[in-house]
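Accompanying notes for the structure given below.
Read-outs: derived from the displayed coordinates by stated rules, not from any lab. For clarity, every value in this text was computed on a predicted model and none was experimentally measured. All Cβ positions, glycine included, derive from the backbone under ideal geometry; neighbour counts span all protein chains shown.
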Amino acid sequence: MKKREKRRVKGIAIFIVFLAIAASIVQWQNKAGKHETYNFKPAQNEYWDLKFLNKAQISFSSPNVAKAKTEIEKIISEHSTKQIRKQSEGSFGAYIFSVPQKDLPIIVEKLRSFGSVNSQTEQIDTALVNIDYESELVRLQSYEREQAELNNVRFPTDTQNRRKEELHSLIQSTRSNLDKLKESNNVLLFITLVPQQKTNTIEVTIKSLALNFFSWLIIFTVGAILAYYGTRLLMYFLAALGVKGIGAGGLGGSYRYGGYGGYYNRYYNRYGYGHGKRKVKRIYKDKRTTPVSEDENTEQSEEGKQ
């Protein structure tokens, strides 16, 4: 291999190495900055719309999501009094169910055995703190009797009609409170499950960068070899088709000029222009090639005078 070709190959190799380093760094940064998002909005809205006196929300993560899903389903079957939502999609899950309030600490401990409880929140509906079930039941019965009496009036006045509408609203609100108070010993539990994020140590980072670098190095090397030999094959193919200006020697082939350029070069070579001047030797007809003596010169001059 010639020195020029060696320098060319060395330059391409250095360029491929730097290109692989840049690509591996960019890939690592994109992977490190990318965080998977999970859509818990539908389950969250349903959780807040449900009427419960006691509510609890647990954000849970586990290194083994499949096992965590199985364990959560076991918890639901063992402790739940009412199952409302079970959402299991790929690498995350959302579960809404009611459990006895006394079982909540037990459930939290079970979750900690196969994952991490990232956050735990408990809420109490303060509007029902000072209300008991018996008083609400008596109030509901009173509203229903008054509504029945107004319904028996054949020609109600405007005041009676407005009271009937008011009673309808009061009855709905009281029934909702009673439903909540029935569940006063239970808690509505909302569990969200996500994979546990891995911490990137120095060893993990170096291993990831090295793997990315060698992967990109192989890809760029194979790509450069394919591009080089592919271009050479294309040159041979075009030269075989008779396309002028492309030498069969590959990428380094020189361009061969024809037409006017060829005539121009032949003209210069013929008439002595340029670097290749032709030496012309003139031979005179009467000139002697041998030296002439003095006596012969004298005789020739005398004959010339006569």
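Measure off 7 Å from each Cα along the Cα-to-Cβ vector at L137 and A210, then give the distance between these two points in nanometres to one decimal.
According to this spin-label approximation, the distance is 7.3 nm.
I219 to Q160: extension gain in nm, 0.36 nm per residue of separation minus the Cα-Cα distance?
12.8 nm
Debye sum, Cα scatterers, the range 140-180, no solvent: what log₁₀ I/I(0) at q = 0.20, 0.22, 0.28, 0.31 1/Å?
So the normalised log intensities are -0.58, -0.67, -0.92, -1.04.
Hull surface divided by four, with the convex hull built on the Cα atoms of the range 27-129: how many nm²?
Answer in nm², one decimal: 7.9.
Sorted by average packing, counted as other Cβ atoms within 10 angstrom per residue and highest first, what order do 5-15, 170-180 take?
Numbers: 5-15: 11.2, 170-180: 15.8.
Order by mean packing, descending: 170-180, 5-15.
Sort 91-98, 56-63 by packing, meaning the average of other beta carbons within 10 Å per residue, with the highest value first. Don't skip to the end; give the middle numbers.
Numbers: 91-98: 21.0, 56-63: 18.4.
By packing density, highest mean first, the sequence is 91-98, 56-63.
Suppose R0 equals 41 Å; then what is the FRET efficiency for S169 and S91 from their Cβ-Cβ distance, rounded to the nearest 0.05?
Calculated value: 0.35.
Taking 22 Å as the cut-off for C-alpha to C-alpha distance, list the pairs among K74/K182; K74/K102; K6/K207; K69/K180; K69/K207; K41/K86 that go past it.
Over 22 Å Cα-Cα: K74/K182; K6/K207; K69/K180; K69/K207.
What fraction of the Cα pairs in the range 96-146, stated in percent, has a spacing above 16 angstrom? Don't jump to the answer; show the numbers that get you there.
Working: 810 of 1275 pairs.
Value for the range 96-146: 64 percent of Cα pairs lie more than 16 Å apart.
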